Structures are given as C-alpha cells and as structure tokens.
Amino acid sequence: MKEINYEILNSIKTWAEEDRPREKLINKGQHILSDAELLAILIGSGNAQESAVALCQRVLQSVGNNLHELGKMRVSELQKFKGIGEAKAVSIVAALELGKRRQASPTQKRITISCSRDCYMIFQPLIADLPHEEFWILLLNRANRVLSKKRLSSGGIAGTVADSRLIFKEAIEALASSIIVCHNHPSGNRKPSHSDIQLTEKLVKAGKLLDIAVLDHLIVTENGYYSFADEGIM
C-alpha cells in the first residue's frame, strides 16, 4: 500500500486556486480573507498534519481568536506550535507590531486634541498592553494640534520615574504651548496612585510658571483610561 504524503496533502498548493489565501488576496482583496488566512500567508506552510491555515486557526484559538492577545505572544511562545519555527514566529510578531505602529502613526495632517479620548486613542496602541510602565508626553501647539509625542521613561511593573525637568525641557525645545502626560498601569487598575496625584500637581504648578499649560494626565490600561482633567482634579 502506497504511503500517503500528508505534507503534500495538506499543502495549500494542492487547493483549488480560488481557495488559496495568496490568490484570494490578489484576486479579491485582503479584506475578504479571514485572520487565519492572513496569518497563513505570513508563515507560508503548515506541518505534516495540517495546512498553514489550519495551523493558524489553532494558534488563534489558543488566544480566543483575539488579535490583541496574539500581539502579546513572544517568539518563543509561538514556536511551541508544531510547524512554527523561529523564522515564522518572527514574521508573525513583526507583522503584528507593524499593525500597532500603523494605528499609532500620525497622518500627514496634525491631529487635534479636543477631549481625553483623542489622547487615549494615540497612546492606547503604544502602551495599553505593555507588561511594564512607560511615561509619555504629548506636545501641542496653541491650536491643540499634536507637534510630537515622546517616551520619557520606561520602568518596571510597579512604576517608572517621571522627571519634571525632562518633561518641560522637551516642551521648551519643541516650542509647545501645552502638554499632556500619560503613563500606563500594567495591573489594569485605572485609579491614580498617591505619587501620580503628587506628580500631576507638581507639573501643573511648574507649567504655570513656564507658561506651558498641562492639560491632562492620562492613566492607560487595556480596558480603558483615567483622565485627571475629566475627573476635575487638574
């Protein structure tokens, strides 16, 4: 009895052309493809028992079919799936990171900040799912349009250092009229700590002396944010 070659049997190349992810993307557009099919294009092939699409379906199922959770997976975690080696895992991680950066990247037209949610939408893809704290500053002109955003510090799970001198140095060098500061809480707790409140009060006072308004301080988590301005404690 002839031995069945499962690798060939499960190869995408043996599928009807209209069912192959790469051909579907070319002929019908990327929007018609499922998440698993898009991932299958990245890895190119599956393993001896399953096609690239079936393998990617299994990977997605392991994170509840949630791309946000998939984006947190490390190369070593992806390599635990049979058929995903280092090169394939790196391709997946790199593609998801590009997606995050695209979402965070400003358009040619400068973004205008009109409310706390506008600020949250800038920082959410950058720091919401990090396992450590980071402190960022948003630099604005007189029309509340974003000049730039800067990461000032990166720390541990429990906190990070925010130096008010560095914050206003960045603002002065950018000729910013106002700033918004932001940091994340990896714990998911949106409530500000005592040190968060003290820092905010300190920055507001310093900003008044330098004629640089501190408009808000956001605490970002995976499930939302806390705005000092919205809560009326700026």
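Every number in this text was worked out from the coordinates using simple rules, so none of it is lab data. Keep in mind that this is a model prediction, so the values were computed, not measured. Here the Cβ is made from the backbone with ideal geometry for all residues, glycine too, and neighbour counts use every protein chain on show.
Residues in the stretch 44-91 that are free of Cβ contacts under 8 Å to residues at least 12 places away in the same chain and among the aliphatic types (A, V, I, L, M): Val63, Ala87. Within the stretch 202-234, being surrounded by fewer than 20 Cβ atoms within 10 Å (Cβ to Cβ), among the charged types (D, E, K, R) and within 22 Å of Phe168 (Cβ to Cβ) holds for Lys202, Lys205, Lys208, Asp211. The residues on offer are Ala229, Ala206, Ala213, Ala174, and the sole one that is more than 21 Å from His132 (Cβ to Cβ) and touching a Gly at 6+ places or on another chain (Cβ under 7 Å) is Ala213.
Name every residue in the stretch 189-201 that is in contact (Cβ under 8 Å) with a residue 12 or more places away in the chain and surrounded by 14 or more Cβ atoms within 10 Å (Cβ to Cβ), in order of residue number. Of everything in the stretch 189-201, those that are in contact (Cβ under 8 Å) with a residue 12 or more places away in the chain and surrounded by 14 or more Cβ atoms within 10 Å (Cβ to Cβ) turn out to be Arg190, Pro192, Asp196, Leu199, Thr200.
Taking the options Phe135, Phe81, name whichever one is aromatic (Phe, Trp, Tyr), closer than 25 Å to Asp230 by Cβ and surrounded by 16 or more Cβ atoms within 10 Å (Cβ to Cβ). Matching residue, one of Phe135, Phe81: Phe135. Out of Ala94, Ala48, Ala87, Ala104, report the one residue that is in contact with a strand residue (DSSP E or B) (Cβ under 9 Å, 6 or more places away or on another chain) and surrounded by fewer than 16 Cβ atoms within 10 Å (Cβ to Cβ). The unique qualifying residue is Ala104.
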